[in-house]
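The values are calculated or read from the model by the stated rules, or taken from the named source; none is laboratory data. What you see is a predicted model, and the numbers here were worked out from it, not measured in a lab. Note that we place each Cβ from the backbone using ideal geometry, even for glycine, and neighbour counts take in every protein chain shown. Protein only, heavy atoms only, side chains kept; ligands, DNA and RNA dropped before computing areas. Shrake-Rupley method; radii C 1.70, N 1.55, O 1.52, S 1.80 Å.
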Amino acid sequence: MNEFKSFTFYPVTGWHIGPLSDHRALVLQFGYLDPTASREQPPQETLFFGLTIEMAKELVSNLSDQIDFAEKKGAKH
């Protein structure tokens, strides 16, 4: 995993996820805040991303690993 020294991040405000009809895949869309936008601007939404079932399982595993790491290291937001 890379160490991030300084970068702009876009806080996630939510997501939509569901199965892709007639495929072994999921679609995923994130809602996020643009840090360069005015505070009055509503959250933005990404395009819909497609993930195979295998990719989705790997994402869940990677997220779990990173959550465990952050909790053990006492990472602060």
Exercise. Can you run down the residue pairs with Cβ atoms below 9 Å, 6 or more apart or on separate chains, where the first is in the range 55-74 and over 15 Å from Leu26 (Cβ atoms) and the partner is part of a loop (DSSP other than H, G, I, E, B) and open to solvent by less than 70 Å² (accessible area, probe 1.4 Å)?
Key: Phe69/Ala75
Practice problem: State which residue is nearest to the chain's Cα centre (by Cα) when the search covers only the range 1-25 and only residues that are surrounded by 12 or more Cβ atoms within 10 Å (Cβ to Cβ) and assigned to a loop (DSSP other than H, G, I, E, B). | Solution: Tyr10
Practice problem: Go through the range 46-77 and give me each residue that's under 20 Å from Phe7 (Cα atoms) and surrounded by 12 or more Cβ atoms within 10 Å (Cβ to Cβ). | Solution: Thr46, Gln66, Ala70
Self-check item: Ala37 part of a helix (DSSP H, G or I) and either without any contact (Cβ under 8 Å) to a residue 60 or more places away in the chain or open to solvent by less than 60 Å² (accessible area, probe 1.4 Å) (or both)
Solution: no
Quiz item: Do we find that Leu28 is free of Cβ contacts under 8 Å to residues at least 60 places away in the same chain and surrounded by 13 or more Cβ atoms within 10 Å (Cβ to Cβ) in this structure?
Solution: yes
Quiz prompt | Selection count where residues are out of contact with any strand residue (DSSP E or B) (no Cβ under 8 Å at 6 or more places or on another chain) and aromatic (Phe, Trp, Tyr), scope the range 1-53 | solution = 3
